[in-house]
Structure formats: structure tokens, C-alpha cells
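What follows is a short report on a single structure.
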Amino acid sequence: MPGAAARDAEKGLTHDATTACRLCGQPARLLFERTVLGRYPAGYYQCEACGLTQTATPTWLEEAYADALHPTDTGLLERNRLACRVAATFLHLCGVGDRPCLDYAAGYGVFVRLMRDAGFRFHWMDPYATNLFARGFEWRDDLGPPVACTAF
Ligand SMILES: [Zn+2]
């Protein structure tokens, strides 16, 4: 039975040893390669300067996010309730107050709705999903920079 490296070689996974970090621009070294969505070879890199782990430029995002919720995901609401309790406590202690916050990759907007109900001025942004629960609270550039940004 072949190991992970041999299976990756069979799938043609070969990436450059380094790439530029998308966050800070410094060199990022190849950590490992895997197949994404069962058919797209992906190299995973870690930045030597900031530590961010990232894939090589993803070409599969549209397909990966064609549906914001997988049909077998039954924990969406409970995860959002838990994330809301943790984030609300943390942001309250940080003194965020009523300054604008952003939930990036906000999906259907459940977390934004919960955070707004908890008294925070959260806004929705997600290029791959439809805003169902936070309509009217889409992020706008005229809000200025967000005081906090979440991405669960
Ligand atoms: Zn970096």
C-alpha cells in the first residue's frame, strides 16, 4: 500500500519549493501537497516571516464555495451560537463598543445576525454566499476600517 507521498506523486502533485506569502510578501516554504476536492493538486506553504499557512493560488474556490452549506452539515447553528458567545465576550472586553465590525466569509449571515442581536455593529461580506440573515448589513467601504474582523 503506497504512502501519502507516493499517492500524491501518482496524482501529479508537484509544486515550487517556495512562493511569496500573500499576507506579507516574504518567502513561504512548501509544507506538503494534497489533492483538494478530489481532483485539484494543492501545495500548502508556510511563511517564514509571519507564519501564515496558505495554499498556492487556489483555482478551485468557486467550486468549493458553490454552496455555502454542505447538506450534511447539521451543526451550523450551534457553531454560530458558540462563536457568538466567545466573540461577544472577547469584543466586549476589548471595548469594541458600537464601532463597525466585519464578518468576512460570512456565509448566510447567521453569525452577523447573532452578533447584532448581542449589541455589536457587525456587517456581512462573502463573495461566495447569499446573505439570508443579515440583509441590509452588508459591508460598505464608507464604514471605514473595521475595528474587528472575524472569519469562522
Ligand atoms: Zn507572511
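Please work out which residue is nearest to the ligand (Cβ to nearest atom), limiting yourself to region 51-84 and to residues that are more than 21 Å from T150 (Cα to Cα) and polar (S, T, N, Q).
Per the criteria, the residue is T57.
Show the residue pairs meeting these rules: Cβ distance below 9 Å; 6+ apart or different chains; first residue within region 37-53 and free of Cβ contacts under 8 Å to residues at least 12 places away in the same chain; second residue more than 7 Å from the ligand (Cβ to nearest atom).
R39/K11; R39/W60
Given (1) within 16 Å of the ligand (Cβ to nearest atom); (2) touching a helix residue (DSSP H, G or I) at 6+ places or on another chain (Cβ under 9 Å), where does E48 come up short, assuming only one miss?
The number of the failed condition is (2).
Across region 69-91, what is the number of residues that are under 19 Å from L132 (Cα atoms) and part of a helix (DSSP H, G or I)?
8
Each row is one residue, and each column tells you yes or no for (1) within 15 Å of the chain's Cα centre (by Cα); (2) within 18 Å of F152 (Cβ to Cβ); (3) not assigned by TED's automatic domain parsing to the domain that holds R135.
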position: L31; (1), (2), (3): no, no, yes
position: P41; (1), (2), (3): no, no, yes
position: Q46; (1), (2), (3): no, no, yes
position: H70; (1), (2), (3): no, yes, yes
position: L93; (1), (2), (3): no, no, no
position: A105; (1), (2), (3): yes, yes, no
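Would you confirm whether any residue within region 49-65 is among the aromatic types (F, W, Y) and over 16 Å from T14 (Cα atoms)?
So the first thing to find is which residues in region 49-65 are among the aromatic types (F, W, Y), and the list is 60, 65.
The next check asks that each one be over 16 Å from T14 (Cα atoms); those that pass are 60, 65.
Yes.
Just need a number here: residues in region 115-133 that are over 15 Å from the mean Cα position of the chain (by Cα) and either of a type in the set (F, W, Y) or surrounded by fewer than 22 Cβ atoms within 10 Å (Cβ to Cβ) (or both).
11
Exactly one condition in (1) surrounded by fewer than 13 Cβ atoms within 10 Å (Cβ to Cβ); (2) of a type outside the set (A, V, I, L, M); (3) part of a strand (DSSP E or B) is not met by D103; state its number.
(1)
The values are calculated or read from the model by the stated rules, or taken from the named source; none is laboratory data. Since we're looking at a predicted model, the values are computed, not measured. FYI the Cβ positions are ideal-geometry reconstructions off the backbone, even for glycines, and counts take in every protein chain you see.
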